Every structure is written in structure tokens, then in C-alpha cells.
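Each remark here refers to the structure printed beneath this line.
The values are calculated or read from the model by the stated rules, or taken from the named source; none is laboratory data. Computed from a predicted structure; not experimentally measured. Note: ideal-geometry Cβ built from the backbone for every residue, glycine included; neighbour counts use all protein chains shown. Please note that ligands, DNA and RNA were not included when accessible areas were found on the heavy atoms of the full protein model with its side chains. Shrake-Rupley method; radii C 1.70, N 1.55, O 1.52, S 1.80 Å.
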Amino acid sequence: MAQLTVDIGGRPGLDCRGFCSYCYFKHAREVPPFGCRYCLPFTKGCEYCTRSVQERYAGFKDLKEVAGDILANLQLLSGDLTRITISGGGDPSCYPEFTDLIELLASLEAPIHIGYTSGKGFDDPDIAEFLITSGLSEISFTVFAADPEIRRKYMHDPTPEVSLEILKRLAGTIDVYAALVILPGINDGDILKDTIRWLENAGVKGVILMRFANETNQGLILGNAPIIEGQRMQSVEEFASLVRLTKSLTTMRISGTPLCDPDLGSPFAIQHEPDILDKLPKIHKHAAVITGTVAAPFIQEILSKRGSGADVIAVNKEIADLITIDDLKALDLSLLPGTVILPGRAFVHLAEAEDVFSADGKIRTVLRGPEMLTADGETSMGMTRDDLLSLEMAGFSALIILINQYGEA
Ligand code: SF4
């Protein structure tokens, strides 16, 4: 099974016909490299945490460059090509040579997947048929609201009726997933109900609701909080209730990020599966497990079923994957034992974390834990409950093995 990712470059907001009002890249400042799981042990900053995460592209790549990349990547693949995914920092629908790009990809004769588009760049509804005949099989489409005027105002879509018509035509034939960032007071309530009804009638497979983040501790790590001054916010619990309520209105798959997926019982579906929990290794050493405020109570509950050696400590950041060194600096070192495990995807360089955690003179061992202990709404959308439970079982087993291997006796 060989998959090809086609990176077209582009800058969020700037290569999207202007910023959507809620775009997480709005006001983003150029920040120094965070450090991450891909950095070399002695060098903080790699291509991923310096450029990719911040979507620091110069603009869209021209088609010649994209074609060159495709050719080079194809040579590295073995086996039949099973899927082509278009990705980038800008919106594919705004790519200036979009139809030429699709024709080029169609010649590879594999299903095409557009990982993300707002549709703002499409001005002709017939592009839907062109995409279908060219082999597009799946697309994630940002909607915000099915009311064209709301879409025009908050997404700055100059042709919202056309974008919605394209979505509708695509959903009648291929797999379409819709994404909605929820701005309380603007596209929740009756607007959301109407949008869900519209999407269901169109034949959309699933909807991902995304809680709007407006503060650093909610995950805005590019120095750009707030995105919308004075915007009313939802707590994580309020947002999860909205996701459950939305699910009760429709037969479509509904998931929310950061919480929750009502069909699968995620995140941390494993907590309701005593037989699976019994199969996890027992904890017989002692370590701190650092995480975000959303995951902390779940992780503590699950690990406590396998022993008392794990101290789960939440930093002041809701999402564990978006923890940075500043969050670690704010921790009370007297709470930390000699072994500390960070979330696998935290934006932290291990050597720097070791320095921070040894500032009180006690040398601590700092490790990176498994990359995933559960799946967020975007990931779980394409999973079955068994897939999810296997992922969680693998994640927690790896975490406990790490505690037992490196923890204090
Ligand atoms: S389309 Fe996406 S990346 Fe572009 S401005 Fe809107 S939210 Fe940002």
C-alpha cells in the first residue's frame, strides 16, 4: 500500500482569499523553534517545529515544483499507489493552477483525497463534476454554516452559494466530511441545527465540530491570542455537551475536537472496558506523567487501575500535544519525582526540559511518552470502536512499560 502526499505550499489566510474570522493563524507571530519529537538530541529546532507547524511557506509552490516533488516521491514508493492526498498551508481551492494539478494527479490513476479545503477559491459549480471524474474520492470541507450570508461574513467567501453547491454535488457521489469551527452566539443554536439538517440532506458522511480557541492555554501557541477580542467562549464540558446534542439530531457521524466522539465513546473509551484495562501491565515503579488539563483526569483514572506509581500532573494547557517549554517552566518542581514523562507530541526539546526540571539541583530523567493515548475527533472520525480501543491499549501499554523501565523504585 503506497500513499503519496502532495504538498502545494501556501500560507494560511494569505493564500485563502483572506483570513476566516476564526482562523488559528490570524495574527500569528514568527516564534522561535519550539523543539519537538523530530529534533536531534543536541539541536532544538528542526524543519517540522520551525517551519511546518507554523506553516511558514513563501506562498504556493508553482506547479513545476509540485510536479518535481511528485516525481521524486513516487520514486521512493514501492507497491501500487493507493491514495493521493493534497495538503499544504494554503487552501487547495485557491491554488492558481488547481485544474492542471488535478489533471496531473488524475493521470496517476489512484483515488485523490483533499485533506482540507474551505472551498472559498471555487467559483464555478461544475468543478464538482470535474473533480469526481478526475478521481476525487474524499474531501474534508470547511462549512461554518449552510447559510451563505453567514459564510460570506465569517469565512470571507466571495461566492458562498457556489461553494455550498459544490459541496452538495460532491456529497451526492463521494465521501465528504464537513468541519465547523463553532463560534458561540454565531453558528451554534438554530444556525447549527439548520446546518446539520442541510449537510445530512446533501449526503455528507460526517461532521467534525471544532471548539474555537481564543487563549494561549487553549492551544494558541503562535503568540496570537486572542484571535477575536471579546468572543464568547465555551468550556470543554459545554462544548462536549454541544457535540452530544448535535449527535442526537442526526444519523451522520459526529465528532468533536478536543472532545468528544459520542458514537465511539472517545476520548479514552478504554476507561469503560474493565476487561481490556485488566490486560494492561501493572505499574510497579514511580514516575510523573505530564499532560494537558483535558486528558489529565482520564489518564489518572485509567493508570490508577493498574497501580499507584503514576503521578499525573496537568500543566496550564488544555491540549497535551500543544504543551511548550513555558508550560513546563510554570510547574512546581517539588511535585516532581526523579522520572518525568512528557506527552509524545509535546512541542518541547528534551534537553531543554531536562534543564528546566533540574533547576532545583535534583537531576531528573525526562522521557517522551507514546504519541497517542487516545484519538481526537478528527482522528476518530475515520475509525471503528475496535480501532480506537487498540490504539488506546497500545498507547497505555507503552506508557506503563516506560514507567516500569525508567521510573524510580
Ligand atoms: S481557509 Fe482555513 S487556513 Fe484559510 S483562513 Fe480560513 S481557517 Fe485559515
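At-a-glance table
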quantity	calculated
Test item: Cα-centred dipole of segment 269-406, Lys/Arg +1 and Asp/Glu -1 on Cβ, debye	500 debye
Residue among Asn187, Thr293, Ile102 farthest towards the positive dipole end of the chain, charges placed on Cβ	Thr293
Whether segment 170-245 is rounded, prolate or oblate, judged on the alpha carbon gyration tensor where a/c under 1.5 counts as rounded	prolate
Computed [θ] at 222 nm, deg cm²/dmol, the chain (DSSP H ≥ 4; -39,500 (n - 2.57); rounded to nearest 500)	-9000 deg cm²/dmol
Full-extension gain in nm, Leu245 to Arg197, via 0.36 nm per residue minus C-alpha separation	15.9 nm
Fraction of beta bridges assigned by DSSP in the chain that are antiparallel (%, nearest 5)	5 percent
Additional length obtainable on full extension of the chain from His272 to Asp80, 0.36 nm per residue less Cα span	65.1 nm
Convex hull volume of segment 269-406 per residue (C-alpha atoms, cubic angstrom)	94 Å³
With every protein chain in place, the chain: carbon and sulfur % of accessible area (1.4 Å)	53 percent
Lysine-lysine proximity count for segment 2-257, Cα under 18 Å, sequence distance 8 or more or distinct chains	9
Dipole of the chain [Lys/Arg +1, Asp/Glu -1 at C-beta], most positive-end residue of Val356, Ile166, Pro148	Val356
Heavy-atom surface of the chain, accessible at 1.4 Å and reported per residue (Å²)	43 Å²
FRET efficiency for Asn404 and Glu103, using Cβ-Cβ distance with R0 set to 51 Å, rounded to 0.05	0.40
Net charge of neighbours whose Cβ lies under 15 Å from the Cβ of Pro258, counting Lys and Arg as +1 and Asp and Glu as -1	-4
Cα shape, segment 2-257, gyration tensor, a/c 1.5 rule	oblate
Length gained when the stretch Ser304-Asp355 is fully extended (0.36 nm per residue, less Cα-Cα span)	15.5 nm
Aspartates and glutamates whose Cα lies under 13 Å from that of Lys285, excluding same-chain neighbours fewer than 8 positions away	Asp311, Glu408
Among Met383, Ser241, Gly135 the positive-end extreme of the charge dipole of the chain (Cβ point charges)	Ser241
Solution diffusion estimate, µm²/s, Stokes-Einstein, segment 136-185, Kirkwood Rh from C-alpha pairs, 37 °C, viscosity 0.692 mPa s	289 µm²/s
Rounded, prolate or oblate (a/c below 1.5 giving rounded, otherwise prolate when a/b exceeds b/c) for segment 1-153 by Cα gyration tensor	oblate
Rounded to the nearest 20 debye, dipole of the chain from Cβ charges on Lys, Arg, Asp, Glu	840 debye
Whole-Å distance, taken between Cα centres, linking segment 354-409 and segment 132-208	35 Å
Within segment 1-86: Cβ-based charge dipole about Cα centre, in debye rounded to nearest 20 (Lys, Arg +1; Asp, Glu -1)	360 debye
Percent RCO, i.e. relative contact order, over the chain, from Cα pairs under 8 Å lying at least 6 residues apart	15 percent
